[in-house]
Amino acid sequence: MSTPEHHDGQPGPRLTRRLPGSRRPAARDALALGALIILVAAFYSHYALRIGTFQDDEELFTRLARYIAANFPQGLWAPYYTRGLQRLDPLVMAIPFSFMRGPGAFEVDHVIQCLLFASTALPVFLTARAAGLGRPLGYLTALLSVILPWGVVSTSFLSESLAYPAFAWVLYTAWLAACRPSLRNEALALVALVIAAFSRTALLGMLPLAPLAVLWQTLSCELAGDVAARLRAAPARLWRRHRLMTIVLGAGIIGYAAQLLGLLPANVSNTLTGSYGLPKLGSLGPTWAKDRSYLSRMIAGSGYIAFAFAIAWMSVTFIRRREARLHGLAVVCLLGLLCELLSLLPAGMDERYVMYGAIPIILGFAAALRERVGLAVVGGAIVTVLLIDSVTWPALASLYDYFTYPAATFYSRVLSNHLDHLPLIHVAADRVIEAGILILAILWVLATRSERLARPTATLLALAVLGLGATQTVYALKKYAGGAGAGQPASARSWVDRHVPAGDDVSTLAISLGTSLNYVPIWREAEFWNTSIKSTAFFGYPGYAPLPLELAPFSLTIGGGGVLSATEYGAPVAIPHYMLVPRLGTLPIGLAAQTTSEDPALPLNLLRLQTPPRVLWLLTGTSTEGFMAPHEAAEIHLYPPAPGTPRCVSLTLVGPPNYLGRWPYTILEAGRAAAKGRLTSQQRVHVVVPVGGRAAEAQPTLEIRVGGDGILYPSGEVVSARIEDVTTGPCTGPS
């Protein structure tokens, strides 16, 4: 250990010399870590490629990624995004979308997300080795950091897959800045902080970590004398050995003071944090209650006993002031936990927000195994038990809990459920878990008194924590992938992209039920998985059809002969060759098109329009579901290919439910009855009417009238008969 600076201000030997346990990983370490990362990424990719659902944030991030891919670099600062600096993950996801469409882009992005998550093993290993924990413990920390229940987030398109390793790099570079001071290492620490903030806005809470770690390490480990003497010597020491970090620390203090005094423009914080806002301390009671819940989830997800060991080792290290590199590790781990809790002040209770705390806990656990902290572990176990006992562990509320609360769900669904049914034991499961933590801590204290038992005990404990982490991980992945995340994978969901040639775009056609709230999730599903969908077309008003981020909607107009034209904000635009139309409800128009494909899961049809795009018929006088109003006529306006060309109109009349008698119906063409009859409740009548046989009827119209007073429908409307399945074509038989 290096000699600290004495109270008279004379420096001892420099602390930057290479320490025995801090050598760069050998080539075999690089190969082993590379293999570990690839294997873990492949394991998570196996489940990620099976996920067929998405969440609101995933939709936002993938839409932004596609927008960035189409509008780089200005798309990075699109006004559509309100999450502050958080841009790095959409930028990474934009890379596959720049070169390919769905489903390939989604599948590549899934693998990238899993690789990013698994890459956390590298900075965690480097931190452990730099602090002198040794190669076996370095691999242990690497494994524990990526095999834990929160690995389920790697199956999504959320920012955590990138932010999690970014957090680990912040810890590693903060340790370098504090324990191996140099301009290069301090610059690396600042770069890591910036990358972390751009990967997840909430990680702005990590900004104090490196400057405070440098200050703390300097005061507690590098200077001698009483507190007053250290404080007097600290400024000169910091300026001489940590000049860059001293400037950053001073700027941070000035900026924070200016923020408190209201001297900074309001848009500064809005630019940095967006809708998240800066962390604000509230009353201590609610804040501590929230922090207890966060800590309890960190405890559960990192293996329960690991937290007890980590908190015990940190406490002992601060009191005894062990060698500089281990003391620096304790400083960085504790500050990492505190900064993580700070960043969680405006956050919700989703466990993906607390997963970052696992990294300092794992590093502290490994250090405790090496240092063999004795009785302090019992104290750490007591703190762990009190935290677990002070919060609730709710039962499963939905299948998404396996993704949102994987550690808590495992606690309540597996541990508590199985322990409640142990034979001959009539104690609450919570008490059994808490007793187990205390017993393990006591056994550790007893075992480490013997040099012969210490190493095997540490090995068994490490394997137990690793096994529990692996069990929780597999449980969460299987339950989520087979439950809330179950569905057809991207290869099937991207069915539109598979049927549309490269270079062609698709427009969703907002008509019929497609303009209602009922179709919003259907449109979202189609537009999420299919990158060829670039716009929304509509007649009059788009209704509730979601609009793709890339393009604005355009309005369709029917011209002479049924030819379609389109305008976007009043300017003419080209109509795509392909359109996606609803398959439910009564379509109000018939397009001259060929049905290319039907979605097996969603009620949508993909049509390839003829050139030029044309409408064959137009239905008016019905609701979006195809119901006529009582005593009011519906009309079918026909646009024949050429005047005087005879053809037939086929349609189905459906009687509404729950009425007595028979309602008369009449279909008129040019004022004469082309078809008539009576309609009973829920009866379906198929009618074929020949039209357009006379040259004077260049655009014939059918008028449909149904008698009866109407029926009150569940929607609250009074409706008459429903018109379905309108088609036109050559007459092939009698009407």
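Since every read-out is calculated from the coordinates, none of them should be taken as a lab result. Keep in mind that what you see is a predicted model, and the values were worked out from it rather than measured. Positions of Cβ are backbone-derived with ideal geometry, glycine not excepted, and every protein chain shown enters the neighbour counts.
Brief remarks on what is shown
- Linear extension gain, residue 629 paired with residue 77, 0.36 nm per residue minus alpha-carbon span: 193.8 nm
- For the chain, the Cys residues with no second cysteine's beta carbon closer than 4.7 Å are 114, 179, 221, 333, 339.
- Theoretical gain in end-to-end length, residue 135 to residue 231 [0.36 nm per residue, Cα-Cα removed]: 30.9 nm
- Inter-probe distance in nm under a simple model that places probes 7 Å from Cα toward Cβ, at residue 568 and residue 491: 3.4 nm
- Along its three principal directions, the equivalent ellipsoid of the chain from the Cα gyration tensor extends over semi-axes of 66, 29, 21 Å, largest first.
- Cβ-based net charge around residue 496, under 10 Å, with every Lys or Arg adding one and every Asp or Glu removing one: 0
- For the stretch 306-438, a crude dipole built from +1 on the beta carbon of Lys and Arg and -1 on the beta carbon of Asp and Glu, taken about the Cα centre, is about 600 debye to the nearest 20.
- Amide hydrogen neighbours beyond the local backbone of residue 597, cut-off 5 Å, H modeled: 606
- Residues 167, 72, 538 arranged by fewest to most Cβ contacts within 10 Å: 72, 538, 167
- Ranked list, fewest to most other Cβ atoms within 10 Å of each Cβ, for 61, 117, 43: 43, 61, 117
- Among 29-35, 626-632, 199-205, sorting by the average number of other beta carbon atoms lying within 10 angstrom of each residue, highest first, gives 199-205, 626-632, 29-35.
- With one equal scatterer per alpha carbon and no solvent term, the Debye-computed log10 I(q)/I(0) for the stretch 34-113 at 0.25 1/Å reads -1.19.
- Largest-first principal axis extents of the Cα set of the stretch 494-615 (Å): 37, 30, 29
- Straight-line cross-link reach from residue 676 at under 13 Å between alpha-carbon atoms covers these aspartates and glutamates, not counting any fewer than eight positions away in the same chain: 703.
- Ranked for footprinting exposure by Cβ neighbours inside 10 Å, fewest first, 659, 541, 81 give 541, 659, 81.
- Summary of packing: across the peptides 669-682, 235-248, the per-residue average of other C-beta atoms within 10 Å ranks them, highest first, as 235-248, 669-682.
- Computed from point charges on the beta carbon alone (+1 for Lys and Arg, -1 for Asp and Glu), the dipole magnitude for the chain about its Cα centre is near 2680 Debye.
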